[in-house]
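Undergrad: Could you have a look at this structure, given as structure tokens, before my questions?
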Amino acid sequence: MKGGIQISGLRKHFGDVRAVDGIDIDIAAGEVVALLGPNGAGKSTTIDMLLGLTRPDAGRISVFGMAPEQATASGAVGAMLQTGSLIQGLTVRELIEMLAALYPKAMPVDDVLKRARIDDIANRRAEKLSGGQTQRVRFAMSLVPDPDVLVLDEPTVAMDVETRHAFWGSMREFATSGRTVLFATHYLDEADSFADRIILISQGVIVADGPTTEIKATVGGRTIRATLPGVDVAALELLPGVSKAEVRGDSVLVHCTDSDAAVRALLADYPAARDLEISGADLEQAFLTLTEVQTR
Amino acid sequence: MRTYFKMEILRTVRNGRYLIFTFLVPMILFLVIGAPNKGQQAGAVTLAAYYMTSMALYGAMAAVMTSGGRIAMERAVGWNRQLRLTGLSGRSYIMSKIMTGYATALPGMILILAAGALTHSANISPERWLGIAAAILIGLAPMAALGVLIGYVATGESMQQITGLLFMLLSLLSGIWFSINSGWFLRVAEASPLYWAGQAARDAMQGIWVGWHGVAIIAIWTVVLARLAMSRYQRATARA
């Protein structure tokens, strides 16, 4: 049996919209991978096809050697979908029991409740839960089949800070047990702090794929903007923590790998620098740049 | 699968509407309109006997139809997609809804028939009681299919209005509320999906076989509505 996930030549168009336009992904068993991209990049469509919920126009998908539908039905894959809520009339425990009954080898219900940190609300009715609690239960549902692969589509979007924290806590536990995790997000920070590998996707194609540190260096650095007339660009680029500098009229734009070091050095060497602004990575911009480079 | 089915029934029973429409409303109507009128005739049977079968049918119909309709609410919250990630096939999902409808229809129906027996609204042999129950359950087959169809046509919000409207219309045509004797109304009623369920139940009470014509109408409606429901189901899952 071949482990991991193999996707090749994956394509899905909705009318004129090329939601997914030829994607190849190879994920080894045990990897924690972030599918990072702006809204509308094709993340959800890719995930829906990976789970067998949407049929691709073209391409092949293999999950642990199985077709997507087979992989999910057998319980090899657990998933938390982007949208969705819970049905009414059952307690959290009953809901988990109900789903567990549909899998060949489900995780014991108490384990699911504990791992997803919802044992405190196990006896509460689904319709009485807060938004954050609902998300935690939805995460719990993805653990029910005791899956080898966990697929999460923007899991933290509807979570409050506290829930988010608890969520990543349980996720870490799950991942350290050697299982494969693929999650979609549009937050670079999330991808950075949790994934070993980032796949950047934009307009239905992969624009970058590599270890998190590498991807972050490409798109994730901070930028310092300052008013500093008549400065030598080459000299600026020699400052510590600086990767690239540009001059725009009287201002300079300094791209940094380490903005703290760069700003200290900048102010020490150029006391005339003023109107300093430091901004975090602008993902949308980074994607645009990356896609432009590719299509050119 | 047994646990899944158990939870489905539990959910239904916990819903307040279930209690109202399959127990309270039919029981009150029977006790108020039916039971006190044993001297009055409604067609071939007494008004009391007529209302006993009618209300048993009404309660059972409410349970069977809303169970299928609940699919619309589950689609609205994305629960169907969640279930598609499990080993539960679409066919089993729909079957479980129909079975839940029937299972939750039984207690209310039995209670009404028991109330009919206790109030001496019908003094008949055990076989005839069973005949009434069988006629109602079999006669409701088109309603089970209709419920599923509503589940795949309606949205979570429109489901209750659509079910309510069809429920009213079909029950009017079914002769649940009053005996339909002649004229164009009878001809329309006789072609409608629910009429023969009531007719078969009343006939069974008198030990009369309803006839193949009625059975054929029930069968045709069941097949047509089930076909429609299946095609809507396939469209809904292809799009998702």
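Values quoted throughout were computed directly from the atomic coordinates according to the rules given, and no laboratory measurement underlies them. In this text the structure is predicted, and so the values were computed from the model without any measurement. Please note: Cβ atoms are built from the backbone with ideal geometry, for glycine as well, and neighbour counts cover all protein chains shown.
Undergrad: Kindly establish whether B:Thr66 is within 14 Å of chain A (Cβ to nearest Cβ), within 18 Å of B:Ile150 (Cβ to Cβ) and hydroxyl-bearing (Ser, Thr, Tyr).
TA: Details: within 14 Å of chain A (Cβ to nearest Cβ): yes; within 18 Å of B:Ile150 (Cβ to Cβ): yes; hydroxyl-bearing (Ser, Thr, Tyr): yes.
Here the answer is yes, as B:Thr66 does meet what is asked.
Undergrad: B:Ile9 fails exactly one of the following numbered conditions: (1) over 21 Å from B:Leu111 (Cα atoms); (2) within 14 Å of chain A (Cβ to nearest Cβ). What is the number of that condition?
TA: Against the list (1) over 21 Å from B:Leu111 (Cα atoms); (2) within 14 Å of chain A (Cβ to nearest Cβ), B:Ile9 comes up short only on (1).
Undergrad: In the range B:72-93, which residue that is among the polar types (S, T, N, Q) and part of a helix (DSSP H, G or I) is surrounded by the fewest Cβ atoms within 10 Å (Cβ to Cβ)? It would help to see each step written out before you state the result.
TA: If we filter the range B:72-93 for residues that are among the polar types (S, T, N, Q), which is where we start, we get B:80, B:82, B:86, B:89, B:92.
Next cut, part of a helix (DSSP H, G or I) only: B:80, B:82, B:92.
On the way: B:Asn80: 21, B:Gln82: 21, B:Ser92: 17.
Here the residue is B:Ser92.
Undergrad: Then there's this: Are there any helices (runs of 4 or more DSSP H) wholly within the range A:1-118 with 1 or more residues that are over 30 Å from B:Lys6 (Cα atoms) and within 12 Å of chain B (Cβ to nearest Cβ), and if so which? Lay out the reasoning, then the answer.
TA: Numbers: elements: A:43-50, A:68-73, A:92-100, A:109-115.
Fully inside the range A:1-118 and qualifying: A:43-50.
Residue by residue, here is whether (1) among the basic types (Lys, Arg); (2) more than 10 Å from chain A (Cβ to nearest Cβ); (3) in contact with a Leu (Cβ under 6 Å, 6 or more places away or on another chain); (4) surrounded by 24 or more Cβ atoms within 10 Å (Cβ to Cβ) holds:
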site	(1), (2), (3), (4)
B:Thr3	no, no, no, no
B:Arg17	yes, yes, no, no
B:Thr22	no, yes, no, yes
B:Met95	no, yes, no, no
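Undergrad: From the list B:Thr53, B:Thr100, exactly one residue is within 14 Å of another protein chain (Cβ to nearest Cβ), buried (at least 21 other Cβ atoms within 10 Å of the Cβ) and either under 14 Å from the mean Cα position of the chain (by Cα) or not in a helix (DSSP H, G or I) (or both). Which is it? If you could, list the steps in order and put the result at the bottom.
TA: Values: B:Thr53 fails: within 14 Å of another protein chain (Cβ to nearest Cβ).
Sole residue among the options that is within 14 Å of another protein chain (Cβ to nearest Cβ), buried (at least 21 other Cβ atoms within 10 Å of the Cβ) and either under 14 Å from the mean Cα position of the chain (by Cα) or not in a helix (DSSP H, G or I) (or both): B:Thr100.
Undergrad: Across the range B:118-151, which residue is surrounded by the most Cβ atoms within 10 Å (Cβ to Cβ) among those that are at negative phi and in a loop (DSSP other than H, G, I, E, B)? Walk me through it before giving the result.
TA: First, the residues of the range B:118-151 that are at negative phi: B:118-119, B:121-151.
When the remaining residues are screened for being in a loop (DSSP other than H, G, I, E, B), the result is B:119, B:121-125, B:140.
On the way: B:Thr119: 16, B:Ser121: 25, B:Ala122: 21, B:Asn123: 9, B:Ile124: 16, B:Ser125: 9, B:Leu140: 27.
Step by step, filter the range B:118-151, then rank; the result is B:Leu140.
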